[in-house]
Amino acid sequence: MSFTIVISATVDTNILIYAVDVDSGPKHLIAKRIVDFLGTNAAILPLQCLSEFYRATTRKQLIAPADAASIVQQFHAAIRIIPPSFEDLTAAMQIHQQHGIQFFDALLIATARNVGCGVFFSEDLQDNRNFGGITIRNPFLLSSEDLNALLS
């Protein structure tokens, strides 16, 4: 008997940042809820997100480098981390060329799509846009009911 794990969702770096930025108001609460969901379900997080998280939070002096490193370790302990493969790089270049989105966004999408994610939460990309089986959702535009449905 074999089981297939369905990986329902993952996030863009901005969601991780809002999850730790208590000063971001309602966005903090929504992002924290999503990150908590990822930590308690069969979810993945692209390695690139952790790199970007550390860089962005320390560059903006949102948190101290040691605290950012600790949070990265906590994410690593709670969520399966997926590095990009050469196949992901190839797909990202194609997504970038065909759709005109930023290359590193395309790499996040390709990495998540390659492991079967269906939803990619991001504030930075067009809500409800689909990239070959993975749909972008801006959680800050969703109703509570729609967010609940995606997190169930």
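Looking at the structure I just gave you, is I30 in contact with a Pro (Cβ under 6 Å, 6 or more places away or on another chain) and at pLDDT 95 or above?
Working: in contact with a Pro (Cβ under 6 Å, 6 or more places away or on another chain): yes; at pLDDT 95 or above: yes.
Yes.
Yes/no per residue for (1) at pLDDT below 95; (2) surrounded by 18 or more Cβ atoms within 10 Å (Cβ to Cβ); (3) more than 14 Å from V20 (Cβ to Cβ); (4) touching a strand residue (DSSP E or B) at 6+ places or on another chain (Cβ under 9 Å):
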{"site": "P65", "(1), (2), (3), (4)": "no, no, no, no"}
{"site": "A77", "(1), (2), (3), (4)": "yes, no, yes, no"}
{"site": "E87", "(1), (2), (3), (4)": "no, no, yes, no"}
{"site": "T90", "(1), (2), (3), (4)": "no, no, yes, no"}
{"site": "Q94", "(1), (2), (3), (4)": "no, no, yes, no"}
{"site": "Q97", "(1), (2), (3), (4)": "no, no, yes, no"}
{"site": "G132", "(1), (2), (3), (4)": "yes, no, yes, no"}
{"site": "E145", "(1), (2), (3), (4)": "yes, no, yes, no"}
| Can you pull out the residues in the range 89-145 that are closer than 20 Å to F53 by Cβ and of a type in the set (D, E, K, R)? | D105, E123, D124, R137
| message | It is to be established whether one or more residues within the range 115-132 are among the aliphatic types (A, V, I, L, M), in contact (Cβ under 8 Å) with a residue 60 or more places away in the chain, over 18 Å from I82 (Cβ atoms) and touching a helix residue (DSSP H, G or I) at 6+ places or on another chain (Cβ under 8 Å). | response | yes
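So which helices (runs of 4 or more DSSP H) are wholly in the range 18-111 and hold at least 1 residues that are more than 18 Å from L151 (Cα to Cα) and over 16 Å from the mean Cα position of the chain (by Cα)? If you could, list the steps in order and put the result at the bottom.
Values: elements: 26-40, 47-59, 65-78, 86-99.
Once the helices (runs of 4 or more DSSP H) in the range 18-111 are filtered for at least 1 residues that are more than 18 Å from L151 (Cα to Cα) and over 16 Å from the mean Cα position of the chain (by Cα), what remains is 47-59, 65-78, 86-99.
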| request: Confirm whether T13 is among the hydroxyl-bearing types (S, T, Y) and in contact (Cβ under 8 Å) with a residue 24 or more places away in the chain. | output: yes
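The values are calculated or read from the model by the stated rules, or taken from the named source; none is laboratory data. None of these values were measured; they are calculated from a predicted model. All Cβ positions, even for glycine, are placed from backbone atoms using ideal geometry, and neighbour counts span all protein chains on display.
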